[in-house]
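A.B. asks: Submitted below is the structure of interest, expressed as structure tokens.
The values are calculated or read from the model by the stated rules, or taken from the named source; none is laboratory data. Everything numeric here is computed off the predicted structure, so don't read it as measured data. Virtual Cβ from ideal backbone geometry, glycine too; neighbours counted across all protein chains shown. All accessible areas refer to the heavy atoms of the entire protein, side chains included, with ligands and DNA or RNA removed. Shrake-Rupley method; radii C 1.70, N 1.55, O 1.52, S 1.80 Å.
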Amino acid sequence: MIVNRSIYIDKLLRSKENGLIKIVTGLRRAGKSFLLKTLFRQRLFEDGVAEDHILIIDLESRKFKAFKDPDYLLDWVDAQKKDDKIYYLIIDEVQNINDFVEVLSTLSVTDGLDVYVTGSNSHFLSSDVVTEFRGRGDEIHVWPLSFREFMSVYQGTKEDAWAEYIMYGGLPQLLNQDGDDKKTDFLCRLYKTVYLRDIYERNNIELKTEFEEISKTLASSIGAPVNAQKISNTFKSVAKVQGVSDKTVNTYMGYMQDAFLIEKAERYDIKGRKYIGSLYKYYYQDVGLRNAILSFRQNEPTHLMENIIYNEMRMRGWLVDVGNIQHRERNEDGKQQRVVLEVDFVCNKGSERVYIQSAWRLSDAGKQEQEKRSLKQVPDSFRKIVIVGEHTKPWTDEDGIRTLSIYDFLLNDELL
């Protein structure tokens, strides 16, 4: 079953032959390799590129073990070039090459070569690479299947698709798993045998039990403000993880971010126009993996929908923060008091901004007022949207706040 990932093909085509190395990043098993080695390669064929002008090095295959030697790889590439036409070089999991930063720097200045690489570790986009490349790299981040991509191959109603998606997420290989038991087993095994093992080996982690407890705590906390100190304090009463310092917790959360398992959303003071430190929110790049970490025992649709909205906005290229807004109101005694309200997401793209509130149900007028309360306090004219987890026609109230169903939001980005 093939999903046409046109959003990424379009990005690759717009970056073609731009003089930069195209670095395709993302969670392991999110579809990066298939995107480059199959979909993009096929598109190059359709555009008239000869087969021998597309060079593929798959560093996850033992057949390419010798290519981990930088000099062997560079010599092989030089040997493949027979004419002055452009050669397209695709390297899968480039971080497995010894001295890969030097290799990429060399390839970036090689005439007649257009280079595309994949990587599943954000460390190889860290300061080392930034310093070496000095603007010669072009990152394209690939997410697990969006709900719209998932729906393009799903045989059933969008309601059934949503129930499937919110439980098992969007890793492409799930499309080949038949039945709930197969999907559950696939995700649990994948987390333990691929993601955990990869993180343990890459970072030489010895406190494996502690790491898994931290991972479970984060998975239980999507949609809630947390930080390393707060998580460390919760472990003081847990015998098997006593003594885990906030520094260790922070380091382990960094490893999860490096592996693209999670992303951190910072808190932003809307009226004060500044970031607020100390507490953050963390969201999983795939909710199915989040559910697998918890053995599918905590299926809260409210928080999972919030996570999916966050992923969708990031997938569409928005920067996403969590908004805080302070205002004064009278309490039951008639006294003025300061109240801090939260806007689920403050999304920015260039000069555009949109405020989003996630609400699983708007059961009555009181619930509607509660969800819109923070948006009404925002002192600017940027778009304000409430997304609900039920069917409703798109509508805008007298305050300019637009209400959309989760289905319309995910399946029709023009409505945003």
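A.B. asks: Roughly how tilted is helix 6-15, in degrees to the nearest 10 and between 0 and 90, from the longest Cα axis of the chain?
C.D. replies: So the helix axis and the longest Cα principal axis differ by about 60 degrees.
A.B. asks: Could you work out how far apart the two model spin labels at SER278 and GLU139 are, taking each label as a point 7 Å from the Cα in the direction of the beta carbon, and quote it in nm?
C.D. replies: 2.9 nm
A.B. asks: Per the helix-only calculation at 222 nm, which mean residue ellipticity applies to the chain, given -39500 (n - 2.57) for every DSSP H run of n ≥ 4 and division by its residues, nearest 500 deg cm²/dmol? Kindly include the intermediate steps, with their values, before the conclusion.
C.D. replies: Details: 16 runs with 150 residues, N = 416.
Counting only the DSSP helices, I get -10500 deg cm²/dmol.
A.B. asks: If you take every residue apart from ARG14 with its C-beta less than 15 Å away from the C-beta of ARG14, what net charge results, scoring Lys and Arg +1 and Asp and Glu -1? List each step's numbers first, then the result.
C.D. replies: Values: positive: ARG5, LYS11, LYS16, LYS22, ARG43; negative: ASP10, GLU17, ASP47, ASP114, ASP138, GLU139.
Once positives and negatives cancel, what remains is -1.
A.B. asks: If you plug each phi of the stretch 36-47 into the Karplus form 6.51 cos²θ - 1.76 cosθ + 1.60 with θ = phi - 60°, what whole-Hz ³J(HN,Hα) values come out, in order, with x for Gly and Pro?
C.D. replies: Running phi through 6.51 cos²θ - 1.76 cosθ + 1.60 with θ = phi - 60° gives 7, 6, 10, 5, 5, 4, 4, 5, 4, 4, 5, 8 Hz.
A.B. asks: Through the Karplus equation 6.51 cos²θ - 1.76 cosθ + 1.60, θ set to phi - 60°, convert the phi angles of the stretch 185-198 into ³J(HN,Hα) values in whole Hz; use x for Gly and Pro.
C.D. replies: Karplus-based 3J(HN,Hα) across the stretch 185-198 equals 5, 4, 5, 5, 5, 4, 4, 6, 8, 10, 6, 4, 4, 4 Hz.
A.B. asks: Quick one: length gained pulling LYS16 to PHE382 fully straight, 0.36 nm per residue minus the C-alpha distance?
C.D. replies: Gain on extension, LYS16 to PHE382, equals 128.3 nm.
A.B. asks: Give me the percent relative contact order of the chain, please, defined on Cα pairs under 8 angstrom at least 6 residues apart. All intermediate terms of the calculation are to be shown ahead of the outcome.
C.D. replies: On the way: 643 pairs, mean separation 52.1, N = 416.
After rounding, I find 13 percent.
A.B. asks: Pop a pseudo-label 7 angstrom from the Cα along the beta-carbon direction at both GLU342 and ASP84 and give the gap in nm to one decimal.
C.D. replies: 6.2 nm
A.B. asks: Further, regarding this structure: When DSSP assigns beta bridges and you keep just the ones with both residues in the chain, what percent turn out antiparallel, to the nearest 5?
C.D. replies: On the way: 27 of 60 bridges.
Counting DSSP beta bridges with both partners in the chain, the antiparallel share is about 45 percent.
A.B. asks: Now for a different question. Taking all protein chains as present, what is the carbon and sulfur share of the accessible area of the chain, in % to the nearest whole number, probe 1.4 Å? Display every interim value, and only then the final one.
C.D. replies: Working: 8700 of 19760 Å².
Solvent-exposed carbon and sulfur of the chain make up 44 percent of the total.
A.B. asks: Give, as ranges by residue number, the residues of the stretch 30-64 whose backbone N falls under 17 Å from the point 7 Å along Cα→Cβ of LEU175.
C.D. replies: It comes to 30-43, nothing else.
A.B. asks: Report the accessible area of ILE140, computed with a 1.4 Å probe over the heavy atoms of all protein chains in place, in Å² rounded to the nearest 10.
C.D. replies: Result for ILE140: roughly 10 Å² accessible.
A.B. asks: Okay, moving on. What is the gain in length, in nm to one decimal, between SER351 and ASP397 on full extension, counting 0.36 nm per residue of separation less the C-alpha to C-alpha distance? Can you show the working numbers first?
C.D. replies: Details: separation 46, 0.36 × 46 = 16.56 nm, distance 2.45 nm.
Using 0.36 nm per residue and subtracting the Cα-Cα distance, I get 14.1 nm.
A.B. asks: I'd like to check one number: the per residue accessible area of the chain, probe 1.4 Å, reported in Å² as a whole number. Before the final figure, lay out the partial values.
C.D. replies: Details: 19760 Å² over 416 residues.
The answer is 48 Å² per residue.
A.B. asks: Related question: What is the distance in Å between the Cα centroid of the stretch 215-282 and that of the stretch 135-202?
C.D. replies: For the stretch 215-282 versus the stretch 135-202, the Cα centre distance is 24 Å.
A.B. asks: With a point put 7 Å past each Cα toward its Cβ, work out how far THR302 is from GLU332 in nm, to one decimal.
C.D. replies: 2.1 nm
A.B. asks: Tell me the angle of helix 365-376 to the major Cα principal axis of the chain, expressed in degrees between 0 and 90 and rounded to the nearest ten.
C.D. replies: The answer is roughly 60 degrees.
A.B. asks: Quick one: compute the contact order of the stretch 281-416, relative version, from alpha carbon pairs under 8 angstrom and 6+ residues apart, as a percent. Show your work: numbers first, answer last.
C.D. replies: On the way: 197 pairs, mean separation 21.2, N = 136.
Relative contact order comes out at 16 percent.
A.B. asks: Using alpha-carbon positions, what is the distance between the centroids of the stretch 366-407 and the stretch 35-110, in Å?
C.D. replies: 49 Å
A.B. asks: Shifting gears a bit: If R₀ is 30 angstrom, what is the calculated FRET efficiency for the pair ASP269 and GLN370, using the beta carbon separation as r and rounding to 0.05? Provide the component values of the computation, followed by the final result.
C.D. replies: On the way: r = 21 Å, r/R0 = 0.71.
Calculated transfer efficiency: 0.90.
A.B. asks: Each residue of the stretch 226-236 in order: what ³J(HN,Hα) in whole Hz does its phi give by Karplus 6.51 cos²θ - 1.76 cosθ + 1.60, θ = phi - 60°, with x for Gly and Pro?
C.D. replies: So the Karplus estimates, Gly and Pro as x, are 9, 8, 4, 5, 4, 5, 4, 5, 5, 7, 5 Hz.
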